[in-house]
Amino acid sequence: MDLWITEYQTPALGFSCKINSTLKVEQTPYQHLAVVDTQQFGRMLLLDGMVMTTDVDEYVYHEMIINVALNSHPNPENVLIIGGGDGGALREAVRHPLVKKATLVEIDAQVIEASREFFPQMSCAFENPKAQVIVEDGVKYVKDHVDEFDIIVVDSTEPVGPAIALFSSEFYKACAGALQEDGMLVVQSESPFFNRNVIEMAYTGISEHFPLAKLYLASIPTYPSGLWSFTIGSKRYDPECPLCADYALKYYNPEVHRAAFVLPEMTREILAGIGSGR
Ligand code: SAM
């Protein structure tokens, strides 16, 4: 008998993967956590039944949530990552040659432990000398730090449970305060097809506290609709302009960086509806 796992991406749409085995299932104080071994995407981390990351396609999301900001800021020495307990975003930050320190603030220690146990290509970052891993609520952590970071990345779950506050204007204001005078904030803002409301929340909130706010996209097979968005706020530099012309990874390169900001009409309309006119 075949075993399958399904993420219900909407009440009427399921994303199913055939699995070889279930590796871990537990209830943490914050969410339901599962790790399964899928035939198509390798190992898969799910939180509350939602695909967070997989062996096979994690590099797309992690390269794009980190390197667009890092490669458009001239001196991204000090990076803060909120969430990201799988370690993938942290790995991308510490590998960047200009980064001197990367702090990860994850609320759920059990996500970090599950990554250490099952996702070595991401959790390797936890031991990097540039990295500091803190188990705390990112909402509180940001409020306690002022004028400190060059880049803040919010690699959170969707706005449910402890992540709800990470999509608020108040939180984005606190991030602006925690950033240096030329800092940048990047948040994952879900799918233009299924999560128009999340993009509206992120874009509206970031536009209130940053002089520059833009949206960019990447193709991520295991995320709802396969098209994913990131909203970036910048106090000074244009995030559409990669500064290093030869920084190429497995998905990211300077041409993909620029192209990511070219939005289809159905996405421009979301932003236009917010009155941003892009
Ligand atoms: N790439 C995934 C996505 O786009 O949905 C996110 C992956 S990462 C595992 C999401 C992490 O955010 C989870 O481990 C969750 O525990 C963490 N998180 C949620 N709310 C948080 C908060 N308030 N402070 C810190 N971490 C939080």
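The table below gives the values:
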| quantity | calculated |
| --- | --- |
| Helices (runs of 4 or more DSSP H) wholly inside segment 123-222 that include at least 1 residues being within 23 Å of Lys101 (Cα to Cα) | 138-143, 169-178 |
| One residue from Ile112, Ile107 being surrounded by fewer than 24 Cβ atoms within 10 Å (Cβ to Cβ), of a type in the set (Val, Ile, Thr) and either within 12 Å of the ligand (Cβ to nearest atom) or without any contact (Cβ under 8 Å) to a residue 24 or more places away in the chain (or both) | Ile112 |
| Candidates Phe167, Phe171, Phe210, filtered to the one that is farther than 23 Å from Val56 by Cα, assigned by TED's automatic domain parsing to the domain that holds Val79 and in contact with a Pro (Cβ under 6 Å, 6 or more places away or on another chain) | Phe167 |
| Output for segment 241-260, where each listed residue is farther than 28 Å from Leu45 by Cβ and at pLDDT 95 or above | Cys241, Pro242, Leu243, Pro254, Glu255, Arg258, Ala259 |
| Those residues of segment 1-31 which are in contact with a His (Cβ under 9 Å, 6 or more places away or on another chain) and in contact (Cβ under 8 Å) with a residue 24 or more places away in the chain, in sequence order | Glu26 |
| Any hit, segment 63-71, residues being at positive phi, within 16 Å of the ligand (Cβ to nearest atom) and surrounded by 18 or more Cβ atoms within 10 Å (Cβ to Cβ) | no |
| Number of the condition not met by Thr204 [criteria: (1) surrounded by 20 or more Cβ atoms within 10 Å (Cβ to Cβ); (2) β-branched (Val, Ile, Thr); (3) more than 24 Å from Ala93 (Cβ to Cβ)] | (1) |
| Qualifying position, being at pLDDT 95 or above and touching a helix residue (DSSP H, G or I) at 6+ places or on another chain (Cβ under 8 Å), among Asp86, Asp37, Asp57 | Asp86 |
| Val94, sole failed condition from (1) in a helix (DSSP H, G or I); (2) under 17 Å from the mean Cα position of the chain (by Cα); (3) of a type outside the set (D, E, K, R); (4) within 15 Å of the ligand (Cβ to nearest atom) | (4) |
| Residue in segment 72-86 that is of a type in the set (Val, Ile, Thr), within 15 Å of the ligand (Cβ to nearest atom) and closer than 29 Å to Gly14 by Cα present | yes |
| Flag if Thr6 is more than 12 Å from the ligand (Cβ to nearest atom), in a strand (DSSP E or B) and touching a Gly at 6+ places or on another chain (Cβ under 9 Å) | yes |
| Lone unmet requirement of (1) modelled with pLDDT under 95; (2) buried (at least 17 other Cβ atoms within 10 Å of the Cβ) for Val160 | (2) |
| Residue check, Ile152 at pLDDT 95 or above and touching a Leu at 6+ places or on another chain (Cβ under 6 Å) | yes |
| Qualifying residue in segment 232-240 (condition: in contact with a helix residue (DSSP H, G or I) (Cβ under 9 Å, 6 or more places away or on another chain) and at pLDDT below 95) | no |
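So that you can scan it fast, the table gives a plain yes or no per residue for (1) without any contact (Cβ under 8 Å) to a residue 40 or more places away in the chain; (2) among the aliphatic types (A, V, I, L, M):
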residue	(1), (2)
Gly84	no, no
Ala93	no, yes
Lys101	yes, no
Arg116	yes, no
Gln121	no, no
Cys124	yes, no
Asn128	yes, no
His145	no, no
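Let's see how each residue does on (1) within 14 Å of the ligand (Cβ to nearest atom); (2) surrounded by fewer than 22 Cβ atoms within 10 Å (Cβ to Cβ); (3) closer than 23 Å to Cys244 by Cα:
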| residue | (1), (2), (3) |
| --- | --- |
| Thr53 | yes, no, no |
| Ala102 | no, no, yes |
| Gln121 | no, yes, no |
| Lys130 | no, yes, yes |
| Asp137 | yes, yes, no |
| Asp144 | yes, yes, no |
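The values are calculated or read from the model by the stated rules, or taken from the named source; none is laboratory data. This one's a predicted model, so the numbers in the text were calculated from it and none came from an experiment. Virtual Cβ from ideal backbone geometry, glycine too; neighbours counted across all protein chains shown.
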